[in-house]
Structure formats: C-alpha cells, structure tokens
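Step one of this worksheet: look at the structure below.
The values are calculated or read from the model by the stated rules, or taken from the named source; none is laboratory data. All values reported here derive from a predicted model rather than from experimental measurement. Cβ sites come from the backbone with ideal geometry, for glycine too, and all protein chains shown count toward neighbours.
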Amino acid sequence: MTLRSRQDLVTRILAYNVQVNGERIDSAGSSFHHLCDCLDRAGVRFGDIVVLSGLQGRDLVVAAMAVWQLNAVPMPVPEPRPGEQATQINLTCRVTGDLSVLPAAPNHRTDPLDSTAVIHMSSGSTDRPKAARRGLKSVLMDAEGYRAGLGLAPGDCVAVPVPLVHSFGWGVAVGALLSGCDIDVTPFVRAGTLAHKADSGAVSVLALTPPVARLLVGTRRQGESVPRAAMAGAGPVTDELDEAFQKRFGVPLLRGYGSTETGGTLFGDRGMGMPVPGVDIVAPLPGERGELVLRLAAPIEGYLGDDQKPLRNWHTGDVVRHGTDGCVHFEARLRGPLRLNGRFIRTDITEQVLRSVPGVTDVFLLVLPRSDSPETEDFYSVVEGTASEEDLLAALAATPAQTPVPRVVVCDRLPRTTVGKRDRGALIEMLRKVSRCE
C-alpha cells in the first residue's frame, strides 16, 4: 500500500488487526470511534493540530489514530506543570488525560499542515524545547529503520514501557504497528512486572531506556522464555550494562540513536550504531572525528512556526568518532554559544576545564535572568559528581582572563527526564531554589 495521507497510516495499521495492550484499536467499546466523532464535532479538519495533553500508553496511541483518521496532526505533550503559561498551542483542539475533547478557541484557525504527520516537543536538554514537525515520509522511514533493525514481523509483541510523548517511544510504537506487530505500551511502574512479560513470552521484543534496562537486570527470572530482541535508546549503554543484561535475559542490548527532529537514525550492537535505511553519514568520514552530519531520504520539516524550507542534511550537534567499520561512537555534545547580558560568550573552555576536575561526571551550563531583576542575567554551571566546589573554582581561576566564570552548583546527579536526558526545567527550578537560599 502506498501511503499518501495521515488517514492511510490508520488504514494500514487497522488492516493488520494489531493489538495494543491486548485489544484492537477499533474493537467494540474502544474509544477510537468515540474520539473520531468528538473530534469531528469539535471542528477538527484537514491539517489541524490536535494537542494530546497528558495521555499515556494505549490512550495516547488510540487518540493519535483518531486524529490521523480525520487527516489532522497529533501533538503529544506531557501534562502541563503547575503555573505553566498558556501558549498559542493551547488554543488548538485538545484531547486531555481523561479523553475529553476540548474544541479550539473561537476563531482560532491556523494554516493547515499538509505533509506533517506528527509534532513532538524536543527535550530541551541542550536548548529550550521546540515543537519539531515530522513529515509522513519521516515517520515511514523511522518505521522501516526499526523494522529492519529489530527484525520486526507480524506475530511479534513489542513492549514499549517508555513515555510515548517522547519521539523515541513514539517511534518504536508506531514503527511496530506499521510492521504488523502488537504492542504493549503499559507505562513502566515495576521492573518485576515488565521482566515477567519477557520471561513468560508475553512480549518478544523490548524497547527500553538505559535506566529501565538497569532496573530489569536486578530482577529474578520468572520463566524460561527469552526475548527475541531488546534495544536501549535515548542514552548511552555501557559495556557493563550490556553484559549484565545479556546474562539476565539472554540477548544483548542493541543501541539506537536519533533526534526529535529526525526520528531514529542509527541502530546497531555497538556505540551509537550504524545508519538505518534512508540515512547516510555526510561527516565525519570513516576513521575521523567530528560533528555527526546526516543526510536523510525523508525531508526534515523543521519547527512549528518556522518558515525554513525542508532540509535533507541534519547537523546533530554531537561530536562522534566514525569507525572504519561504519560504526559510530559518541564522544561529546556541541552546544551553541550562550548569550549573557546581551553578549555571546564562549563556554567550550569553561566546560572542558570543569570536566577535567577529578570526580566530575557531567556538566550543564546555562544562563538565567534574576528573579528580582530580570534585566540582569547570571551564568551558572551545574556540576554532577563528587568534586568539591573549592576544586572547581580553583580550576576555573586558572582559565584565560576572557573566559567567563560561572556560579558553580554541585549535585550528586543532574535531574533527568524519564528517557534519561537532562531535564532543563528541573535544572532551572533547582537553581531558582539555590538563588532564593543565598
């Protein structure tokens, strides 16, 4: 079947008679048809954005299918934080956590999105979160990458216990459905429950994050079945974790890499993996080190509200080592220049110096306006590890005179999101508390 519209995605998935948490998407009593009717009555039309707010697991999958059925564009987002200000997106039609459909604000009508299949919020781990548009071709390429990398086939049941509002969980779940697989998207609560599904054969493929994989390693075996495949995405996998997982579950941890803007791009059994079908490495060349630049067969649509033309090449911002065997290994993350009180500042030397101090395991630099005088900004460095503040400041004192010195805050562990990325919002909240206590 040639897929030309968002409705075609639903048609293909329903034709496979796949199950989500043991039940067909359009089974009798399912919320699918009810949501389709409610969205239609709410005035949702071709190309409209429908925000899926605070939905999880099966509810999110079914709601997204209903939005596609109306040829509209789903935008999964987490439950808003208390006090979070309304944005232009909140004026669109919304499906809430209890599956209520809230119509768009009166007279709110934006230009319809033609080729966009889904909108995901980036994690904001290195910059402010952005609403990334993923095209229909990009979703299909993502699905093909997971199908080929995991060997997905009808009859598989793929467990995706990670949040589906993030592009990683979403990509695996939709890729499995488009491959004719059943999926189990029960949110992760207890490691023993998920491990039992693998040990009993209830699920044949596992899609995890490294933190979830580590929790599973500590469980007791509850059956004789062995998963056919398991992968860990949205974070690095150490050799120690891979060995422990293979000893516990009998299969190695495959690695996956991608971004919110592109979906999954690399897949393999070492490092970050190798390019999936439709992805080529532009730079660095094999045997060299540098920023990873990819060329994708599916155009990159950019961000909501941007007027940029679709891109074919994607600068990932990750410094990698490209092996002569084609495997890619992560080395560092590039960050653009920060702006402090109206002037751009170099932060590469500052971060390099802090990371060289014994006991430092991670560093996050950011600029924040002062609460009592927002016109003035402060430069912060949040350092993870056991290094003392005195040692860190001593190291910074030895940097060149033009290098800005941040206010240093040390913590045992940087706050991270449920998929293992640094949580910028939680970091800002932590620094606000530190400032109030000073």
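Overview of values
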{"quantity": "Residue within segment 155-175 that is outside the structural domain of LEU414 (by TED's automatic domain parsing), at pLDDT below 95 and surrounded by fewer than 18 Cβ atoms within 10 Å (Cβ to Cβ) present", "calculated": "yes"}
{"quantity": "Check on PHE379, part of a strand (DSSP E or B), more than 21 Å from GLU429 (Cα to Cα) and in contact with a Pro (Cβ under 8 Å, 6 or more places away or on another chain)", "calculated": "no"}
{"quantity": "Number of the exception - PHE364 against (1) hydrophobic (A, V, I, L, M, F, W, C); (2) more than 30 Å from GLY263 (Cα to Cα); (3) at pLDDT below 90", "calculated": "(2)"}
{"quantity": "Residues (touching a residue at least 60 places away in the same chain (Cβ under 8 Å) and either over 22 Å from the mean Cα position of the chain (by Cα) or in a strand (DSSP E or B) (or both)) located in segment 245-266", "calculated": "LEU254, GLY256, TYR257, GLY258, SER259, GLY263, GLY264, THR265, LEU266"}
{"quantity": "Breaking point among (1) over 26 Å from ARG4 (Cβ atoms); (2) surrounded by fewer than 19 Cβ atoms within 10 Å (Cβ to Cβ), for PHE188", "calculated": "(2)"}
{"quantity": "ALA401 surrounded by fewer than 18 Cβ atoms within 10 Å (Cβ to Cβ), farther than 12 Å from LEU354 by Cα, free of Cβ contacts under 8 Å to residues at least 24 places away in the same chain and over 28 Å from the mean Cα position of the chain (by Cα)", "calculated": "yes"}
{"quantity": "Pair list, Cβ < 7 Å and 6+ apart or interchain, from segment 101-123 residues that are free of Cβ contacts under 8 Å to residues at least 24 places away in the same chain to residues that are among the β-branched types (Val, Ile, Thr)", "calculated": "HIS108/THR92"}
{"quantity": "Flag if GLU377 is closer than 22 Å to VAL434 by Cα, charged (D, E, K, R) and loosely packed, with under 14 Cβ neighbours inside 10 Å", "calculated": "no"}
{"quantity": "Sole exception among (1) touching a residue at least 40 places away in the same chain (Cβ under 8 Å); (2) within 30 Å of ASP239 (Cα to Cα); (3) of a type in the set (Gly, Ala, Ser) for SER388, by number", "calculated": "(1)"}
{"quantity": "Positions within segment 344-366 being under 12 Å from VAL408 (Cα atoms) and without any contact (Cβ under 8 Å) to a residue 40 or more places away in the chain, in sequence order", "calculated": "GLU351, VAL363"}
{"quantity": "Residues within segment 191-206 that are assigned to a loop (DSSP other than H, G, I, E, B) and touching a helix residue (DSSP H, G or I) at 6+ places or on another chain (Cβ under 9 Å), tallied", "calculated": "3"}
{"quantity": "Check on LEU216, crowded, with 23+ Cβ neighbours inside 10 Å and within 21 Å of ALA244 (Cα to Cα)", "calculated": "no"}
{"quantity": "Tally of residues being out of contact with any Phe, Trp or Tyr (no Cβ under 7 Å at 6 or more places or on another chain), among the aliphatic types (A, V, I, L, M) and at pLDDT 90 or above across segment 294-323", "calculated": "2"}
{"quantity": "Test set (1) in contact with a helix residue (DSSP H, G or I) (Cβ under 6 Å, 6 or more places away or on another chain); (2) modelled with pLDDT of 90 or more - GLY233 fails condition number", "calculated": "(2)"}
{"quantity": "Search result, residues across segment 219-233 that are crowded, with 24+ Cβ neighbours inside 10 Å and part of a loop (DSSP other than H, G, I, E, B)", "calculated": "GLY233"}
